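The values are calculated or read from the model by the stated rules, or taken from the named source; none is laboratory data. Just so we're clear, the structure is a prediction, and the values are computed from it rather than from any experiment. Here the Cβ is made from the backbone with ideal geometry for all residues, glycine too, and neighbour counts use every protein chain on show. Ligands, DNA and RNA are stripped out before the accessible areas are found, and what is left, the full protein with its side chains, is counted by its heavy atoms. Shrake-Rupley method; radii C 1.70, N 1.55, O 1.52, S 1.80 Å.
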Amino acid sequence: MTGPEFALLSTTVVVGALLQVSVGFGLGMIAAPVFSLVDPSLTPSVVLVLAAGVTAAVLVRERGRADLRGCGWALVGRMPGVLAGALLVAVLSARHLALLVAGMVLAGVVVSLAGFVPRQRRGSVLVAGMASGLMGTATSIGGPPMAMVWQRLTGPELRATMSAFFLVGSLMSLAALGAAGAVGAGTLRSTVLLAPAAAAGVLLARPLSRRLDVRRTRAVAMVLAVAGASVLVLRQFV
């Protein structure tokens, strides 16, 4: 990893962590395309480890506000999705994984902009958890399905519930990826190098989140995610 590459990844992690803490998701959507551009081996494992740390910080901040029952059903749905996602990582080439990352980012943006609000029932939470497990394990982008099904929750409750789900879900995904041989010493080294950037994003979120307009912040996150995904797709064909 060169100096400019490290600076790009660190900046991406700071922005992604800031968004994750402020609106409940965003680190995976922004970081995954950039990480795949710099070094495909960093996706999804390093992003998942960083996301686990950031979501743990959100849980501490929003403690007691999570919908644990809904989170439990979502995690039940996530289990088969995690297995399917780990299988994809094991069988797909780096190029196909990069295209999958870009596709998941673009699909997530479309879903977020569609305005569809499903009823928050057990069945819909289970299905969303399964989709999130597959997407999150294969590409580290598991936020859109859960953001869609839980969008009726209030700000603090939404952030806490999604953080509880993603903390446990990320650990599930990492365990499956580890069993598939996709997590190694390189993952730990890169995570240690980028952990200060994640911590900086979390710390910056506390004073800035009160001043951020949630709708505009989400719009910025979508633009950054689409830009990263578009460049990633172009790199696969140029």
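Structural remarks
- Entry note, segment 34-160: relative contact order of 38 percent, from Cα contacts under 8 Å with a spacing of 6+ residues.
- Sequence-separation-based contact order of the chain, relative, with Cα cut under 8 Å and 6+ spacing, percent: 36
- At least 18 Å along the helix axis (C-alpha) and Kyte average at least 1.0, DSSP helices within the chain: 3-23, 45-61, 68-91, 94-114, 155-179, 185-208, 214-237
- On the principal axes of its alpha carbon atoms, segment 1-133 extends 47, 36, 27 Å, with the longest extent given first.
- Once the Cα-Cα distance is subtracted from the 0.36 nm per residue extended length, the Met1 to Arg189 segment shows a gain of 66.6 nm.
- Compared with the alpha-carbon gap, the fully stretched path from Ser41 to Thr154 is longer by 37.1 nm at 0.36 nm per residue.
- Calculated mean residue ellipticity at 222 nm for the chain: -28000 deg cm²/dmol, from DSSP H runs with n ≥ 4 weighted as -39500 (n - 2.57), summed, divided by the residue count and rounded to 500.
- Accessible-area composition of the chain, carbon plus sulfur, in percent [1.4 Å probe]: 68
- Cleavage-rule hits (trypsin sites (Lys or Arg not before Pro)) in segment 151-232: DSSP loop, at most 13 neighbouring Cβ within 10 angstrom: Arg152, Arg210, Arg211
- Remark: the chain carries 46 Å² of accessible area per residue (probe radius 1.4 Å; ligands, DNA and RNA excluded).
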